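Take a look at the structure below.
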Amino acid sequence: MRYAAEVSYDGSKYYGWQRQLNLPSVQETLEKALTRLNRGRVNVTGAGRTDTGVHARGQVCSFDMDKEWDARRLKLALNANVPDKSISAIKLSAVGDDFHARYDAVSREYKYFIWNANAIYPHLLPVTCWLKSGGLDWSRAAEACRYIRGEHDFKNFCRVCDVPENTVRVMNKVSLHRRGSLIVFTINGSGFLTNMVRIILGNLEKIAVGEREPEWIAELLSDRCSRVDGGRTFPPGGLFLWKIYYDKPIW
């Protein structure tokens, strides 16, 4: 029987989603818990890979169990067998044998949270990027988001040592909104390169501080520039894999 689960996790406890040798990962933690319940090896496939320190509100994964489980009972058992409360299955459902969490996904949505003020509520520190400096014009950064929408070659928005052969991606939705001291960046696309969202934020920061104009983003998407021409890579703590979209409902 194949099942899908929507899992939420605190990425600060893990070296990313993907299983790694001698380092704690979300994938391995889930596999150990499900293997214990199944009494046989269980492999878990995620809809997207998150880097070290990146959180997830709505990661989706799929896996096979040797016997049929009631979905509610399996969700409760999975959560009870995760060693701490940094990972939690929020939804769980039986799916068809041909369902694949990664290949069936039509888009992925990320959110990045910035707190821009000279003081911060302590409980926000693990899940936001705290910028103490004033004078940033986030409306300029919001204007620049329109240049990211659509199909582009994002090779200049990828960690240099991890640039794949195909760097073209389609971004369906890109927006930035400010609510008081909180800045929320939302991006939905067909797929993402390594550190891509965090590099986008580094470029938007340059525009917000007035170093660059909004249309500079279009230059970074051209062959006239390289990664070194862009801004810094923002820290992982403010980034969430927010939601995975599928053509058909699975819950």
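The values are calculated or read from the model by the stated rules, or taken from the named source; none is laboratory data. These numbers were taken from a predicted model, which means no experiment stands behind them. Don't worry about glycine lacking a Cβ; one is built from the backbone with ideal geometry, like all the others, and counts go over all protein chains shown. Protein only, heavy atoms only, side chains kept; ligands, DNA and RNA dropped before computing areas. Shrake-Rupley method; radii C 1.70, N 1.55, O 1.52, S 1.80 Å.
Quick notes
- Note on the stretch 120-251: the alpha carbon radius of gyration divided by the globular reference 2.2 N^0.38 Å gives 1.07.
- Among the listed pairs 85/132; 75/111; 32/91; 75/243; 111/248, those beyond 21 Å (Cα-Cα): 85/132; 75/111; 111/248
- Mean residue ellipticity (222 nm) of the chain, computed from DSSP H runs ≥ 4 via -39,500 (n - 2.57), nearest 500: -5500 deg cm²/dmol
- Accessible solvent surface per residue of the chain, calculated while the other protein chains remain in place, 1.4 angstrom probe, Å²: 49 Å²
- Tensor-based shape of the stretch 94-145 (alpha-carbon gyration tensor, a/c under 1.5 rounded, otherwise prolate or oblate): oblate
- Approximating the spin labels as points 7 Å out from Cα along Cα→Cβ, the residue 245-to-residue 66 distance works out to 4.0 nm.
- Once C-alpha pairs closer than 8 Å and six or more residues apart are averaged by separation and normalised to the residue number of the chain, the relative contact order reads 24 percent.
- Percent of Cα-Cα distances greater than 22 Å, calculated over the stretch 44-149: 54 percent
- Cα coordinate range in the chain, projected on the principal axes (Å, largest first): 59, 41, 34
- Relative contact order, whole percent, for the stretch 103-164 stands at 24, derived from Cα pairs under 8 Å and 6 or more residues apart.
- Once the Cα-Cα distance is subtracted from the 0.36 nm per residue extended length, the residue 35 to residue 103 segment shows a gain of 22.2 nm.
- Area accessible to solvent at residue 161, 1.4 Å probe radius, in Å²: 110 Å²
- Residue ranges 230-236, 95-101 sort as 230-236, 95-101 when ordered by packing (mean number of other C-beta atoms within 10 Å per residue, highest first).
- Remark: relative contact order (the stretch 1-114) = 38 percent; criterion is Cα-Cα distance under 8 angstrom and separation of 6 or more residues.
- Residues listed by number, the stretch 142-175, amide nitrogen under 15 Å from residue 225 label point at 7 Å toward C-beta: 142-149, 152-159
- Mean shadow area of the stretch 128-172, taken as a quarter of the surface of its Cα convex hull (nm²): 4.9 nm²
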